[in-house]
Amino acid sequence: MNYLKTAILLAGLTALFMGVGYLIGGQTGATIAFLVAAAMNLFSYWNADRMVLSMTGAQEVDERTAPEFVAMIRELSQRAGLPMPRTYIIDDPQPNAFATGRNPENAAVAATTGLLHMLSREEIAGVMAHELAHVKNRDTLIMTVTATIAGAISMLAQFGLFFGGGNRDNNNGLGIVGTLAMVILAPIAAMLVQMAISRTREYAADRMGAAICGRPDWLASALGKIDNAAHQIPNHAAEQNPAMAHMFIINPLTGAGMDNLFSTHPATENRIAALQRFAAETGTGTGGFGGYSGVAPRERPAPPRPRGAGPWGGADRPSAPPSGPASGPWGGGGRRSGPWG
């Protein structure tokens, strides 16, 4: 049912795009809009993941540059029955994460340095399990295409403002009032459809992500922390490109501008409540990812380390401090708070 609902919403988004084209250029405008939408969907299918990663400034990491983070993604992927995705870190202080890619074989997951610095290892595992659930459910393509079309509708509506709207030869002119209404209402309608698609997929990814990591409480705890921080710390890439906000696990927009008039995500408290119900239903209050069980994340003692080696596989006293997005225990640089650094 969720996939049928998503397909209907995507069709509605495409129809809205064609409708705006019709209001601008009549039948010809609608035809052109349809062709443009088809071309954009095809382009998004092959290239949108690279575009999103580029817009966020994500840097790919591996076992050498972020060993523990990559090892975590590898283990979670195995638990989910997925191929190992490409793994990225975004140098941004706001804690957040997203997944992208047209299918599980070409997927990528990305986390911000803020997420890796602020959350415990268990909470990070819950977040990344959620993102892998999006990959497993093939939400990444749907969400990326949705972002592309929603952004195009906004641009097309602005384009109509400059040209006055309508094909005067066919007496389809909107007039200044109609044009202004289209410029305002079309992006809002696109946002509502985008929001409906995102909300449909987020609850499903929360539930599957909790099952992948084995501890719904880890993800619930992470959602609360990320939501609180996202209202205080701006995500500059998302603020500049609000159409991709729905791809993140928590809405990255701070609400400083009108682009956050409607949230693309379900209320965080509702998501946490749903995870708590899932934990009660399944009895998954202990155990889970990595073999850590029965101990709250911030109470778990630090793991033993070999003599002469740091906790992340490096030297105890490196000759120079790490720097850049691909340094530090998670590839994020600097010291982490909490029991993991």
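List of remarks:
- Any hit, the range 227-243, residues being modelled with pLDDT under 80, in a helix (DSSP H, G or I) and buried (at least 23 other Cβ atoms within 10 Å of the Cβ): yes
- Exactly one residue out of G57, G21 is of a type outside the set (A, V, I, L, M) and surrounded by fewer than 19 Cβ atoms within 10 Å (Cβ to Cβ), and it is G57.
- Inspection of the range 255-269 identifies at least one residue that is modelled with pLDDT under 70, in contact with a Leu (Cβ under 7 Å, 6 or more places away or on another chain) and among the charged types (D, E, K, R).
- Meets criteria (aliphatic (A, V, I, L, M), under 19 Å from P252 (Cβ atoms), touching a residue at least 24 places away in the same chain (Cβ under 8 Å) and crowded, with 23+ Cβ neighbours inside 10 Å) for V109: yes
- Residue within the range 149-170 that is out of contact with any Asp or Glu (no Cβ under 7 Å at 6 or more places or on another chain), at pLDDT 70 or above and acidic (D, E) present: no
- Some residue of the range 81-89 being surrounded by fewer than 15 Cβ atoms within 10 Å (Cβ to Cβ), in contact (Cβ under 8 Å) with a residue 12 or more places away in the chain and not charged (D, E, K, R): yes
- The set of residues in the range 244-254 being in contact with a strand residue (DSSP E or B) (Cβ under 8 Å, 6 or more places away or on another chain), modelled with pLDDT of 85 or more and within 15 Å of M55 (Cα to Cα) consists of F248 alone.
The values are calculated or read from the model by the stated rules, or taken from the named source; none is laboratory data. All values derive from a computational prediction rather than experimental measurement. As a convention, Cβ positions derive from the backbone with ideal geometry for all residues, glycine included, and neighbour counts pool all protein chains shown.
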